[in-house]
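One structure is given below, encoded as structure tokens.
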Amino acid sequence: MASTSSSTSPCKYDVFINFRGEIRYGFLSHLSTAFHQKQIHAFTDENLHKGEEISPSLLKIIQESCVSIVIFSENYADSPWCLDELVKILECKESLGQLVLPVFYHVDPTHVQQLTGNFGKAFGKSVHGEQVEGRLHKVDAWRHALMEVSNLSGWDSQDVK
């Protein structure tokens, strides 16, 4: 992990996990259990205190994490929320040296990189919503973040034996 200046506070969380809800009770629950057993303090959205505004809270938590794990799944990109988190994760990688680890869970990494297949279709749903709202700058940021993070060295569930 990249070193940070002495003025930067230590990480509040070891790991921030960015994911789409469909993996919550399968892969994510196993990953969270493994982290807990190894005493790795991982944050998932179920750790949010009730009554907090979700977006500002999550953006702050991403910034306070040492590592972000991005779990790309088939429907990941149809969530503007996930994509907004991904943009913040990339910002923290670039400005704070945060370690970012992608996991391709039942999705081909090239589909994420090239926005093709079912992943590309899911992305199209998010893009359409932003086009209607006139926020094309957001779509450009999402594309950039998807390309940058999906090109990092990570894990592909199709390669696990």
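The values are calculated or read from the model by the stated rules, or taken from the named source; none is laboratory data. In this text the structure is predicted, and so the values were computed from the model without any measurement. We place every Cβ from the backbone using ideal geometry, glycine too, and count neighbours over all the protein chains shown. What goes into the accessible areas is simple: the full protein's heavy atoms, side chains included, and nothing from ligands, DNA or RNA. Shrake-Rupley method; radii C 1.70, N 1.55, O 1.52, S 1.80 Å.
So the values come out like this:
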{"item": "Where S55 falls short, out of the listed (1) in a helix (DSSP H, G or I); (2) among the hydroxyl-bearing types (S, T, Y); (3) open to solvent by less than 10 Å² (accessible area, probe 1.4 Å)", "result": "(3)"}
{"item": "Criterion (part of a strand (DSSP E or B), touching a helix residue (DSSP H, G or I) at 6+ places or on another chain (Cβ under 9 Å) and of a type outside the set (S, T, Y)) met by exactly one of V112, V103, V149, V139", "result": "V103"}
{"item": "Matching residues in the stretch 66-92 - criterion: being under 19 Å from T110 (Cβ atoms), over 8 Å from the mean Cα position of the chain (by Cα) and in a helix (DSSP H, G or I)", "result": "Y76, A77, D78"}
{"item": "Criterion: over 14 Å from I17 (Cα atoms) and either free of Cβ contacts under 8 Å to residues at least 24 places away in the same chain or open to solvent by 80 Å² or more (accessible area, probe 1.4 Å) (or both) - qualifying residue of V127, V107", "result": "V127"}
{"item": "Checking K12 against (1) open to solvent by 70 Å² or more (accessible area, probe 1.4 Å); (2) within 28 Å of F119 (Cβ to Cβ); (3) at pLDDT 90 or above, the condition it does not meet", "result": "(2)"}
{"item": "Pick from the stretch 15-31, criterion assigned to a loop (DSSP other than H, G, I, E, B) and within 14 Å of the chain's Cα centre (by Cα), ranking: modelled with the highest pLDDT", "result": "F19"}
{"item": "Top-ranked residue in the stretch 110-124 [being surrounded by 18 or more Cβ atoms within 10 Å (Cβ to Cβ) and in contact (Cβ under 8 Å) with a residue 24 or more places away in the chain; ranked as nearest to V149 (Cα to Cα)]", "result": "V112"}
{"item": "Filtered residues of the stretch 119-158 (kept if of a type in the set (D, E) and either modelled with pLDDT of 90 or more or in contact with a strand residue (DSSP E or B) (Cβ under 9 Å, 6 or more places away or on another chain) (or both))", "result": "D140, E148, D156"}
{"item": "Options R135, R143: the member that is under 16 Å from the mean Cα position of the chain (by Cα) and either open to solvent by less than 50 Å² (accessible area, probe 1.4 Å) or not β-branched (V, I, T) (or both)", "result": "R143"}
{"item": "Positions within the stretch 60-114 being within 22 Å of R24 (Cα to Cα) and of a type in the set (V, I, T), in sequence order", "result": "I61, I62, V67, I69, V70, I71, V87, I89, V100, V103, V107, V112"}
